[in-house]
Amino acid sequence: MATKLRQKGKIISWNAERGFGFVTPAGGGERVFLHISAIADRGRPPVEGDIVIYDLAVDEKRRRRAVNVKPSLPTRGQPQGMHASRSSSAPLVFTSLFAFFVIAVTLAGRLPLAVIATYAVISIVTYLVYWSDKAAAQHGRWRTRESSLLFLGLAGGWPGAVVAQRVLRHKTRKSSFQAAFWGTVVINSGVLGWLLTDTGSMLLGQLLR
């Protein structure tokens, strides 16, 4: 594979599940194929809009590819990083308050222990799935579908997902995924609230008999 001069460009599309996308050169021109294995630093999965520096290569089939890809340092990266660090604590605070609430209503006899056990088990499973998906993104392996991640959150694993997103720094920058994810949180929390009503509590008791 022949390599040409180092260039700068912008990621215009990225398929997170399959680990590839395309880069448009900063000076204009034909888009260039980018595979995740060509990214030198895989601490954070790439997203659309990222500015990168790369070597332009041409393979044996005369296809243009980006290799030795590195992120281009933003001009105001430090303030943005500080802001992101501060804002990222809010989901963890919300998740902690939710956990305390569930424990409190369980101790008060409003919910059976099975509810806490379900949240705990599915959250642990969800965390491990996020961890596996993060590793797959870093090494260019087959990814977990976003629909599967959202289903785990909807089923009660969203507290584990929140922890995984913040600790692993995974799936936090894709706005469409975050919107869908917090939608599952709202739905799951709404179902839990309904279980605290007389009707919901009666149905839950019948199901656990």
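The values are calculated or read from the model by the stated rules, or taken from the named source; none is laboratory data. Note that this is a predicted model, so its numbers are computed, not measured. Virtual Cβ from ideal backbone geometry, glycine too; neighbours counted across all protein chains shown.
Numbers below:
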{"read-out": "Filtered residues of the range 7-39 (kept if buried (at least 19 other Cβ atoms within 10 Å of the Cβ) and either part of a loop (DSSP other than H, G, I, E, B) or without any contact (Cβ under 8 Å) to a residue 12 or more places away in the chain (or both))", "value": "ALA16, GLY19"}
{"read-out": "Selection count where residues are in a helix (DSSP H, G or I) and surrounded by 19 or more Cβ atoms within 10 Å (Cβ to Cβ), scope the range 164-194", "value": "6"}
{"read-out": "Residue in the range 18-28 that is in contact with a helix residue (DSSP H, G or I) (Cβ under 8 Å, 6 or more places away or on another chain) and either at pLDDT 75 or above or not β-branched (Val, Ile, Thr) (or both) present", "value": "yes"}
{"read-out": "Boolean, THR144 is in contact with a helix residue (DSSP H, G or I) (Cβ under 9 Å, 6 or more places away or on another chain), crowded, with 16+ Cβ neighbours inside 10 Å, touching a residue at least 60 places away in the same chain (Cβ under 8 Å) and not assigned by TED's automatic domain parsing to the domain that holds GLY49", "value": "yes"}
{"read-out": "Output for the range 40-65, where each listed residue is surrounded by 13 or more Cβ atoms within 10 Å (Cβ to Cβ), part of a loop (DSSP other than H, G, I, E, B) and in contact with a strand residue (DSSP E or B) (Cβ under 7 Å, 6 or more places away or on another chain)", "value": "PRO46, VAL47, GLU48, ASP50"}
{"read-out": "Test: residue in the range 157-175 that is assigned by TED's automatic domain parsing to the domain that holds SER96, small (Gly, Ala, Ser) and out of contact with any Ser or Thr (no Cβ under 8 Å at 6 or more places or on another chain)", "value": "yes"}
{"read-out": "Tally, over the range 195-207, of residues that are among the β-branched types (Val, Ile, Thr) and assigned to a helix (DSSP H, G or I)", "value": "1"}
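Conditions tested, residue by residue: (1) modelled with pLDDT of 90 or more; (2) part of a strand (DSSP E or B); (3) closer than 28 Å to ALA38 by Cα.
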| site | (1), (2), (3) |
| --- | --- |
| ASN68 | no, yes, yes |
| THR75 | no, no, yes |
| GLY81 | no, no, yes |
| VAL105 | yes, no, no |
| ALA114 | yes, no, no |
| THR126 | yes, no, no |
